[in-house]
Amino acid sequence: MSESSNKQIKLLHNLPEELVLRASSFLPIQSLSQNRVVSKLFRHTEIRSLDLDFSGIFSVRRSQLEAINIIQNVFNKHEGSEINRFVLCLKDIGVEEAVASWIKICIAKKIQELVLDFSKTKDIMETAIDFSAIETLQALHLRWCKFEIPDNSPQGLKLLKTLLLMRTEVTKEMIDAVFRNCIHLESLELIQCSMHGLLSILANNHKKFKSLAVSYMPNLMDIVSYAPTLECFKFDGYVMNVIFSRTDALKEANLQYNRNRRNYDSSNMVVANMKHYTKVYVLATTNIFLEAFTKRYVGGGRLEKRSTFKLENLREFKIFFKAPTVCTLFDIAEFLKECPQLEHVVIDIQNFTFAPRLEFWETHHKEEIKKNNYLLKSLTEVKIIGYKGHWHELDILEFFVKNAPSLVKLELVMPKNAKTKAHAPDYARINFIKSIFPGIKVKEV
């Protein structure tokens with residue numbers, strides 16, 4: 001299939017027609033459907049597809065009824081003994097019986113990966129299917145679809161490796177049952193699920209559990225993980241208490257902290273959680289994280305820092321700035337100097353603009369930048385996304401040019417409408433910085 005179209009056709013011409021038809025019947029349903037439309041040879045090909053992916057069924061304008069009829073026709077004509085994968089995305093509910101009938105066919109044909117996405121309906125889909133009793137599943141993704149485990153004793157899911165739940169009610173007992181039963185589980189993702197209090201991950205005896213993601217679950221108070229093999233932790237939401245029993249294997253942390261509606265200072269909690277992330281190789285976060293480690297002027301000409309952590313292993317750092325914030329280049333520089341092995345930095349300011357006057361920068365931070373040594377010896381690549389003509393954005397650009405002697409690539413990305421977004425780009429200063437480091441690339445997207 002990696003050959004050119006002409007070579008593919010020549011190869012097909014050398015094969016018996018019966019063999020070509022037989023082989024094509026196992027193509028993913030999207031490819032098979034296209035073949036049946038464009039070629040007379042494949043028009044009446046049997047359907048034995050192992051991959052029934054209908055995620056793009058609405059890429060062509062059609063009603064939900066038309067989509068349902070197309071999917072039903074595929075299941076009616078499916079002659080294969082197995083279906084490995086079924087992906088379904090619908091725009092409206094009210095077709096629960098049809099969905100349940102398709103899932104039952106998939107179960108009978110030893111389904112391994114089931115993806116149901118009803119997020120566009122804005123209503124939770126409830127089916128008569130007990131997903132926890134499906135024995136052959138290795139991956140289960142349910143978005144806006146109810147998931148329950150009767151009596152917290154799953155009858156299936158022994159082979160499950162990946163579980164994603166979105167917009168369903170989750171309890172401590174349910175999560176405990178998942179880890180007790182699914183000994184091959186590698187990844188768990190919870191998005192906008194209803195859960196109160198404590199989320200505990202009891203994976204002490206798991207040898208393959210590597211990824212945990214928790215997003216937009218504001219009623220949680222604490223996350224406690226007993227997962228010695230965990231390699232990647234992703235969190236999106238208000239800062240909360242997170243405890244890891246062990247972090248020997250943790251390589252990546254993605255901490256998308258959001259500003260709490262109550263406006264309380266979450267810095268102390270950010271600092272308390274930080275001890276778990278000091279050995280990671282990849283860190284992505286927001287300015288809320290950075291604010292917790294900034295130096296503050298306490299009078300008498302002194303700048304005081306809450307706490308200092310050394311990130312000896314960190315190779316990649318990405319930060320998203322979200323308004324409002326007191327952070328400046330000084331805060332970025334102070335954090336980066338604690339990362340001696342850092343190679344790649346991405347600063348995303350697409351949804352953020354620095355204040356017209358940065359008083360703290362002018363009165364304190366600017367002089368500190370000049371006095372301190374910020375030699376970033378290992379840094380080779382920097383990308384700044386969202387340049388909108390603010391002078392301090394170019395301060396950041398110039399900082400990297402002057403303090404990263406191993407720099408190979410420096411990219412400044414600006415929106416095409418940058419002139420109308422804020423200020424006109426300062427090409428004179430950009431050219432000056434280019435004279436120091438000619439490798440700067442300015443891109444419009």
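The values are calculated or read from the model by the stated rules, or taken from the named source; none is laboratory data. Since the structure is predicted, the reported quantities are computational estimates derived from the model, not experimental observations. Accessible surface areas use protein heavy atoms only, side chains included; no ligands, DNA or RNA. Shrake-Rupley method; radii C 1.70, N 1.55, O 1.52, S 1.80 Å.
For the range 340-379, what does the alpha-carbon gyration tensor say about shape, rounded, prolate or oblate, given a ≥ b ≥ c as the root eigenvalues, a/c under 1.5 as rounded, and a/b over b/c as prolate? Oblate is the answer for the range 340-379, as a/c is 1.5 or above yet b/c matches or exceeds a/b. Ligands, DNA and RNA excluded, the heavy atoms of Glu252 present near 70 Å² of accessible surface to a 1.4 Å solvent probe.
Along its principal axes, the range 186-248 has C-alpha extents of 29, 18, 15 angstrom, given from the largest down. Extension gain, Ser81 to Glu359, is 93.1 nm, computed as 0.36 nm per intervening residue step minus the present C-alpha separation.
Taking a ≥ b ≥ c as the square roots of the eigenvalues of the Cα gyration tensor, an a/c ratio of 1.5 or more together with a/b no larger than b/c marks the range 369-418 as oblate. Measuring nothing but how far apart in sequence close Cα pairs (under 8 Å, 6+ apart) lie, relative to its length, the range 155-207 scores a relative contact order of 46 percent. The tail of the calculated P(r) for the range 301-445 beyond 18 Å holds 57 percent of all Cα-Cα pairs.
Kirkwood's formula applied to the C-alpha pairs of the range 77-202 gives a hydrodynamic radius of 14.9 angstrom.
Evaluating kT/(6 pi eta Rh) at 10 °C and 1.306 mPa s, with the Kirkwood radius of the range 199-297 over Cα pairs in the Stokes-Einstein relation, gives 114 µm² s⁻¹.
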